[in-house]
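Accompanying notes for the structure given below.
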Amino acid sequence: MSGHRPQKPETKLVHAGRRSSQYHGVVNPPVLHASTILFDSLDELEKAATGGGPGKTTYGRHGTPTRFLLEEAVAELEGGFGTLCVSSGASAITNAILAFVKPGDHILITDSAYFPTRNLCNTFLKKFGVETEYYDPTIGGDIAGLIRDNTVLVWCESPGSLTFEMQDIPAIAAAAHDRGVKVMLDNTWASPILCRPFELGVDVSVQAGTKYIVGHSDVMMGTITTATEQDLLTVKKQILISGDAIGPDDCYLAQRGLRTLSVRMKQHHKNGLKVASWLQTRDEVKRVLHPGLPDDPGHEIWKRDFSGACGLFSFVMKPVEKKQLANMVNHMDLFGMGFSWGGFESLILPSDPTKIRTATNWDEDGQLIRLHVGLEDADDLIADLEAGFERLKTA
Ligand SMILES: Cc1ncc(COP(=O)(O)O)c(C=O)c1O
């Protein structure tokens, strides 16, 4: 790294978190497996017992340089003070929230949040004495009216990963910071390069690295990035308590994924918008939920805060019978059916948001289908969907 000239994300992706000169010149950081770490002296042992200092290996669960270098790269890409890697996106969400709450607190969670985030709030946090209030994702600066004296955090997910409402993060952050409340963002949709969360006022940004960082549908991992050193330490203490530890092989694969993130995201962006625009022309489709489309209600915010789109969006179909839907999705050639996203391959997922909404209504009568548009040729994907729509007629 030059360390002097500003670098574009494409350049950072290639060079961040490598430090080849420290590892015999090898291009990719080595995989350092460890549980036990040996110390040369009582002095060193005692230093390790008090944390060992940043980037120091003290025990396998606390990480080895394979993890530290991945953390360095993600922090640089997202623009935060520092990053901590954990074993899944769900663990990142849980640890980020738990780090900042205590019994008696009140938290605000977007109604569009990923279901396991709600599940944490509705089960464990409720038992722990933390009150959750869900809010309309499009609330913007009016979030101020929901902030109480005991509110400690506002959780955002923009766009929501099922229904794709864009959130006005700078407006939410201004209102929250006015009352000393932290703003946290599930930033997975943007990956670490399509949105600069800390420039928008976010305090803690979470990524399900499982998705685009890894990019190959074969590793679970999560990242928590903070704006300040103090918040990083707070999260670190929570992760130590949770006992979470991501292994070095998974960190290595995530590092490999990172290097091609930019070229992959450009293709997801292009393919996703092509498929979304085609869906808008179809009679079977009521509406397409993609903030990159000019007529999407969140388009202006997306244009202001994001430098591109990933491959994940939804569409609502005109009502069909269950057997018609099954005939459509059961026989796709290219779109697989599965709960994840962010890999190189395309996925199709029928879903029902009514079950997971409380602050806002989901009153569409048609089936919602979430697509992850992968790196295949977009025309081949369109042909696969077209054949699926044809099968609606033959069920
Ligand atoms: C928006 C979002 N955040 C977090 C997660 C959790 O990630 P993981 O599956 O790695 O636990 C997911 C997983 O689907 C997700 O879609």
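Projected over every direction and averaged, the convex hull enclosing the alpha-carbon atoms of segment 119-276 yields 10.6 nm².
Computed FRET efficiency, Cβ-Cβ of residue 361 and residue 126, R0 22 Å: what is it to the nearest 0.05? FRET efficiency, residue 361 to residue 126: 0.45.
Rounded to 0.05, the FRET efficiency of the residue 321 and residue 119 pair, given R0 = 35 Å and the Cβ-Cβ distance, is 0.70.
Which one, 175, 188, 239, is farthest towards the positive end of the dipole of the chain when Lys and Arg carry +1 and Asp and Glu -1 on their Cβ? Projecting each Cα onto the dipole axis, the largest value belongs to 239.
For the chain, modelled as a GNM whose springs connect Cα atoms under 10 angstrom apart, the maximal fluctuation among 74, 14, 373 occurs at 14.
Among the DSSP beta bridges whose two residues both lie in segment 290-395, what percent are antiparallel, rounded to the nearest 5? The partial results should precede the final answer.
On the way: 10 of 12 bridges.
Close to 85 percent.
Once the convex hull of all Cα atoms in segment 129-207 is built, its volume per residue stands at 92 Å³.
Among the trypsin sites (Lys or Arg not before Pro) within segment 145-252, those in coil by DSSP and having at most 16 neighbouring Cβ atoms inside 10 Å are 148, 179. The label point for residue 179 and the one for residue 14, both projected 7 Å from the Cα toward the Cβ, are 4.7 nm apart. Give me log10 I(q)/I(0) at q = 0.15, 0.23, 0.26 Å⁻¹ for segment 74-135, Debye formula, one equal scatterer per alpha-carbon, no solvent. Taken in order of the listed q values, log10 I(q)/I(0) reads -0.52, -0.99, -1.11.
For segment 9-259, the relative contact order works out to 25 percent when only alpha carbon pairs closer than 8 Å and six or more residues apart are counted. Computed from phi, the 3J(HN,Hα) profile of segment 293-309 under the Karplus parametrisation 6.51, -1.76, 1.60 (θ = phi - 60°) reads 7, x, 8, 6, x, x, 4, 5, 5, 4, 5, 6, 9, 10, 9, x, 10 Hz, with x in place of Gly and Pro.
When 313, 389 are sorted by how many other C-beta atoms sit within 10 angstrom of their C-beta, beginning with the fewest, the order is 389, 313. Cα-based values for segment 310-395, radius of gyration first and Dmax second, are 13.3, 39 Å.
Modelled label-to-label distance, residue 38 and residue 274, 7 Å Cα→beta-carbon offset: nm? Output for this residue pair reads 5.7 nm.
Please state, rounded to one decimal and in Å, the Kirkwood hydrodynamic radius that segment 1-129 gives when every pair of distinct Cα atoms enters the mean of 1/r. Walk me through the numbers before you get to the answer.
Numbers: mean 1/r = 0.0561 Å⁻¹.
About 17.8 Å for segment 1-129.
Can you give the FRET efficiency for residue 233 and residue 199, using 1/(1 + (r/R0)^6), R0 = 30 Å, r = Cβ-Cβ distance, to the nearest 0.05?
So, using R0 = 30 Å, E works out to roughly 0.85.
Note that the chain, at 4 °C in a medium of 1.567 mPa s, gets a Stokes-Einstein diffusion coefficient of 59 µm²/s from its Kirkwood radius over C-alpha pairs.
FYI, it's all coordinate maths here, none of it is from the lab. Here the structure is a predicted model, which is why all the values come from computation and not from measurement. Because the Cβ atoms are built from the backbone with ideal geometry, glycine has one as well, and the counts that use them run over all protein chains shown.
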